[in-house]
1. Which order, highest average first, do 239-252, 35-48 follow once you tally other Cβ atoms within 10 Å for each residue and take the mean per peptide?
2. In whole Å, how far is the Cα centre of region 80-138 from that of region 193-222?
3. Loop-only check: which trypsin sites (Lys or Arg not before Pro) in region 147-220 are DSSP coil with at most 11 other Cβ within 10 angstrom?
4. Would you work out if region 40-168 is rounded, prolate or oblate? Take a ≥ b ≥ c from the square roots of the eigenvalues of the alpha-carbon gyration tensor; rounded if a/c is under 1.5, else prolate when a/b is larger than b/c, oblate otherwise.
5. When averaged across all projection directions, what area in nm² does the alpha-carbon convex hull of region 11-268 cover?
6. Quick one: putting +1 on the C-beta of Lys and Arg, -1 on the C-beta of Asp and Glu, what dipole do you get for region 11-268 around its Cα centre, in Debye to the nearest 20?
7. Just add up the charged neighbours of LEU78: K/R +1, D/E -1, any other residue whose Cβ is under 14 Å from the Cβ of LEU78.
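No lab work stands behind these numbers, since they all come straight from the coordinates. Remember, it's a predicted structure, so these values are computed and weren't measured experimentally. Ideal geometry is used to build each Cβ from the backbone, glycine not excepted, and the neighbour counts take in all protein chains shown.
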Amino acid sequence: MCTDCGCQIRGHQQILAKPSKAPDIFLGRPERILQGLLQKNDQQADQNRQQFDRHGVLVINLMSSPGSGKTALLEATLKALKGELRMAVIEGDLETENDAKRIRALGITAYQITTGTACHLDAHMVAQALDHLPLKDLDVLFIENVGNLVCPASFDLGHHLNVTLLSVTEGDDKPQKYPVMFRAADLLLITKTDLLPYLPEFSMARATASQRALATKAKLFPLSAKTSEGLSSWTDWMRRQRASYQALLEKGLSLKPRVAQEGKALHLERPEITFKPLTL
Ligand SMILES: Nc1nc2c(ncn2[C@@H]2O[C@H](COP(=O)(O)OP(=O)(O)O)[C@@H](O)[C@H]2O)c(=O)[nH]1
Ligand SMILES: [Mg+2]
């Protein structure tokens, strides 16, 4: 699944793969190593979520292909809700601080994670970012995941909700072509709708049908970060989700995101990965 896009076992993850009691995990079976990584990821994600819940911070994970408008959506959202909600952003990209700088230019705290070669964020990366964020002073934390329509959906970061973006320039059949990502979405945003007059081949009805074919009940809102048309449907959705989240917290409960189990399975089917055993 990820062998072409750079997702691989990285230095810090090799340490995470170290088993407490089962040295036979080092017998060279990459799928067992990856199984260990994903379990460690889920444990860290639960710890992250407990930290968010202690402070009552709703955490929203934005996922999409590169360039579909995640940072532009954040900029428009932060401008619209500044003064109403206390917000911060974790940015994920392979390289550069460009997106964090765009967010900071609005007076909002942003922490940039640069993943190097990894095509998705994981819970340990987010845990490190939390040391740099004032959780006790926040209502909402956005995580802009690495631009990729596949792998981010398989990693619980400790967040509560997944929002997937599809820009009109990408074509209306993407939900069916990339079902792992679109099935994980709690909300689908069709972005850059100001460009629709130039893209008669994009059909909102086909995009909706493509998503519905995945048997997901996630709502779909069209919007333009550039003109702000449709933005209020998204901000109202956020307000409703925050109210539901707070009601859950009052009952001692929380929200877990959808994590694409089939994507996890695909991560485990990578026989070509070579693993150098760690010294015990
Ligand atoms: N016309 C138009 N362009 C947009 C919109 N949102 C983002 N863009 C442009 O699309 C490009 C990529 O946007 P960006 O937010 O960086 O995408 P990201 O990689 O998903 O974070 C930039 O040139 C943006 O100006 C929109 O609503 N309308
Ligand atoms: Mg971006």
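1. Per-residue mean Cβ counts within 10 Å order the peptides as 35-48, 239-252.
2. 29
3. Passing both the DSSP loop test and the Cβ count: LYS217.
4. Since a/c stays below 1.5, the shape of region 40-168 is classed as rounded.
5. 14.3
6. Taking the Cα centre of region 11-268 as origin, the dipole is about 520 debye.
7. Once positives and negatives cancel, what remains is +1.
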